[in-house]
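Peer 1: Once you've had a glance at the structure underneath, I'll fire off some questions.
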Amino acid sequence: MIYFDNASTTSVHPEVARVYGHLVSDLYGNPDSLHALGRRSGRLLEQARERIAASIGVQPQEILFTSGGSEANSLAVAGYALANRKRGRHIITTNVEHSSAAHAADWLGSQGFDVQRLPVNADGSVTAQQVRDAMRPDTLLVSIMHVNNETGAMNPLREIADVVHAHPTAVFHADLVQSFGKEDIPWESLDLGSVSAHKLHGLKGSGFLYKRKNLKLQPLLFGGQQEQGMRGGTENAPADIVLAKTVRLALESQAKDRERITELNRMLQKELGALPGVKIQSPETASPFILNVSFAQITSEVLMNALDARGICVSARSTCESRSSNESEVLKAMGRPVSETTHAIRLSFSGQNTLEEGERFIEETKEILNQYGLPL
């Protein structure tokens, strides 16, 4: 099997699986319990928090464990707006955010907040100047993803942060789910940042939200005082503890993986670009870990099914939106015609992918186009 759907989820690193198996069997104590097993679980949980914080250069109290990127995005967007509504009601985001951030913004709009969605440019990104032009005295929050999950288009976080921080009432949140462990992240420029473990060869149901110290959030999950009162409920200690190892392994291999995947991406673009009716939708400046391509002679669904029958896993859009429409809303927002928005697939890579897999993908795709593709 060839797995080119790593933006949806990744396989679990063997070392992460090994350690998790040990933890879930032996470290089942509630981290808030006062007995020895609970104290040990709580101690390892805090050590994991410290290691994650140290690896990205922030303080331990600025790391909040979550169930993944969607919860982190929801807590950042809705939690910050609700806790700080007296400072302003204006929220800036884009029209291509992940559904978790987009739906949180939708809900805030129903609660009286003024949500402004910046349109992306033809390359799928927004500029710092667009943000500057949209800022108002009552702007409370700017929430913009780092790397787009369909095209790999990258937004300039540092430049946007400089604009946001020139306004005393505003803070900046970035969805880092598709960039952490792959791209360099300017943590010093962020107020809030969301990360998911299962995009990093970690466990599903695990992630964290970076929250700058002294920033106030409204809890969205109620219960006890876990995670500084921000997330009620018994902590998933084994998953949160092994997240530290997931983060370390991802950061250690980042440079090597990026070099290998850049080579794979370039080869695929060259080979695919030479085929008739093929258009590379990802911009030249995109993250190499995501490649979006449209095929004039075959629809996304037909091509995906044909590749799947040959043991090749790809997708057409964000997995969270994959059943909602045959058209890519991201490509549509970039101004692409229907003939491209309904004919595109997304290839997404991890450090485990190889050039040989890319070469086989090209061979199989050519055969599929000859067999199923319409004449141009």
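Peer 1: Do you know the relative contact order of the chain, to the nearest whole percent, from alpha carbon pairs under 8 angstrom that are 6+ apart?
Peer 2: Computed over the chain, the figure is 22 percent.
Peer 1: Which chymotrypsin sites (Phe, Trp or Tyr not before Pro) from the range 146-247 combine a DSSP loop assignment with at most 11 other Cβ atoms within 10 Å?
Peer 2: Sparse-neighbourhood loop chymotrypsin sites (Phe, Trp or Tyr not before Pro): F222.
Peer 1: If you take all C-alpha pairs in the range 1-74, what percent of them are over 16 Å apart?
Peer 2: 68 percent
Peer 1: Between N30 and D138, what is the label-point separation in nm under the 7 Å Cα-to-beta-carbon projection?
Peer 2: That separation, rounded to one decimal, is 4.4 nm.
Peer 1: Let me ask something additional. Gain in length, E159 to W187, computed as 0.36 nm per residue apart minus the alpha-carbon separation, to one decimal in nm?
Peer 2: Value of the extension gain: 8.8 nm.
Peer 1: Please work out how many pairs of lysine residues in the chain are eight or more positions apart (or on different chains) and have Cα atoms closer than 23 angstrom.
Peer 2: Lysine pairs meeting the criterion: 20.
Peer 1: Follow-up. How big is the gap, in Å, between the Cα center of the range 141-170 and the Cα center of the range 245-312?
Peer 2: 24 Å
Peer 1: Treat the range 89-130 as a sphere of radius equal to its Kirkwood radius over Cα pairs and apply Stokes-Einstein at 37 °C in a medium of 0.692 mPa s; give the translational diffusion coefficient in µm²/s, rounded to a whole number.
Peer 2: D, rounded to a whole number, is 303 µm²/s.
Peer 1: Would you pull out the residues with amide H under 5 Å of I2's amide H, same chain only if 5 or more places away, H placed 1.01 Å from N?
Peer 2: Residues meeting the criterion, in which the H sits 1.01 Å from N, are I312, C313.
Peer 1: Compute the Rg to Rh ratio over the range 271-314 from the alpha carbon atoms, using the Kirkwood formula for Rh, and round to two decimal places.
Peer 2: 0.99
Peer 1: Please compute the volume of the convex hull spanned by the alpha-carbon atoms of the range 1-151 and report it per residue in Å³.
Peer 2: Considering the Cα atoms of the range 1-151, their hull volume per residue is 175 Å³.
Peer 1: Could you give the C-alpha radius of gyration of the range 136-215 expressed as a fraction of 2.2 N^0.38 Å, taking N as the number of residues it contains?
Peer 2: Output field value: 1.13.
Peer 1: Report the charge-dipole magnitude of the chain in Debye, nearest 20, computed about the Cα centre from +1 at each Lys and Arg Cβ and -1 at each Asp and Glu Cβ.
Peer 2: Roughly 940 debye for the chain.
Peer 1: In percent, what relative contact order does the range 268-376 have, based on Cα pairs under 8 Å that are 6 or more apart in sequence?
Peer 2: 34 percent
Peer 1: Here's something else I'd like to know. Kirkwood hydrodynamic radius for the chain: how many Å is it when counted over pairs of different Cα atoms?
Peer 2: Averaging 1/r across every pair of different Cα atoms and inverting gives 21.5 Å.
Peer 1: Here is a further query. Mean residue ellipticity at 222 nm from the helices of the chain, using -39,500 (n - 2.57) per DSSP H segment of n ≥ 4 over the full residue count, to the nearest 500 deg cm²/dmol?
Peer 2: Computed mean residue ellipticity for the chain: -12000 deg cm²/dmol.
Peer 1: As an exercise, identify the chymotrypsin sites (Phe, Trp or Tyr not before Pro) in the range 3-38 lying in DSSP coil whose Cβ has no more than 14 other Cβ atoms within 10 Å.
Peer 2: Listed in order of number, the matching sites are Y28.
Read-outs: derived from the displayed coordinates by stated rules, not from any lab. Since this is a predicted model, take the numbers as computed values, not measurements. Note that each Cβ is placed from the backbone with ideal geometry, even for glycine, and that neighbours are counted across all protein chains shown.
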